[in-house]
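*Asks:* Here you go, one structure.
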Amino acid sequence: MQNELSDMVRPGALVKGLSAAGLFIEGQAKIKAPIDTGFLRNSIGISRLTSEYVVVGTNAEYASYVEEGTRKMAARPYLRPAIMNNVPKLKELILDALMNAGRTRR
């Protein structure tokens, strides 16, 4: 199936769509991230982009504790909601890139 899809999609179109989706997730996660020093919010970004997937995350060591909580601290999710609350928009961004592949902008 992956090879069939690759044959139908113009090279770079899927990467463009995944990049747009990743940037959208990054922005939403930054809006939702709790702010103390700002380090967590500023560390959120795209860490990997391939022709098959995009990874948005953070290198803040405490990020998972904020997202999931601990025994002593309530969860304050920011990354998961940035994805799950925006699935239709993410699909739209990816499909738009695929549908507009090859069209020139004026």
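*Asks:* Looking only at the stretch 41-53, count how many residues are of a type in the set (A, V, I, L, M), in a strand (DSSP E or B) and over 8 Å from the mean Cα position of the chain (by Cα). Write out each step before concluding.
*Replies:* At the first step, the residues of the stretch 41-53 found to be of a type in the set (A, V, I, L, M) are 44, 46, 49.
Remaining after also requiring in a strand (DSSP E or B): 46, 49.
From what's left, over 8 Å from the mean Cα position of the chain (by Cα): 49.
Result for the stretch 41-53: 1.
Okay, residues lined up against (1) surrounded by 14 or more Cβ atoms within 10 Å (Cβ to Cβ); (2) in contact with a Pro (Cβ under 8 Å, 6 or more places away or on another chain); (3) without any contact (Cβ under 8 Å) to a residue 60 or more places away in the chain:
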site	(1), (2), (3)
18	yes, no, no
23	yes, no, yes
30	yes, no, yes
34	no, no, yes
54	yes, no, yes
57	yes, no, yes
74	no, no, yes
94	yes, no, no
99	no, no, yes
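*Asks:* Which residue out of 52, 67 is over 29 Å from residue 13 (Cβ atoms), touching a Leu at 6+ places or on another chain (Cβ under 9 Å) and acidic (Asp, Glu)?
*Replies:* Working: 52 fails: over 29 Å from residue 13 (Cβ atoms).
Within the list 52, 67, the selection yields 67.
Okay, residues lined up against (1) outside any helix (DSSP H, G or I); (2) more than 18 Å from the chain's Cα centre (by Cα); (3) modelled with pLDDT of 95 or more:
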residue: 6; (1), (2), (3): no, yes, no
residue: 10; (1), (2), (3): yes, yes, no
residue: 25; (1), (2), (3): no, no, yes
residue: 31; (1), (2), (3): no, no, yes
residue: 55; (1), (2), (3): yes, no, yes
residue: 60; (1), (2), (3): yes, no, yes
residue: 64; (1), (2), (3): no, no, yes
residue: 71; (1), (2), (3): yes, yes, yes
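The values are calculated or read from the model by the stated rules, or taken from the named source; none is laboratory data. A quick note: this is a predicted structure, and the numbers were derived from the prediction, not measured. Here the Cβ is made from the backbone with ideal geometry for all residues, glycine too, and neighbour counts use every protein chain on show.
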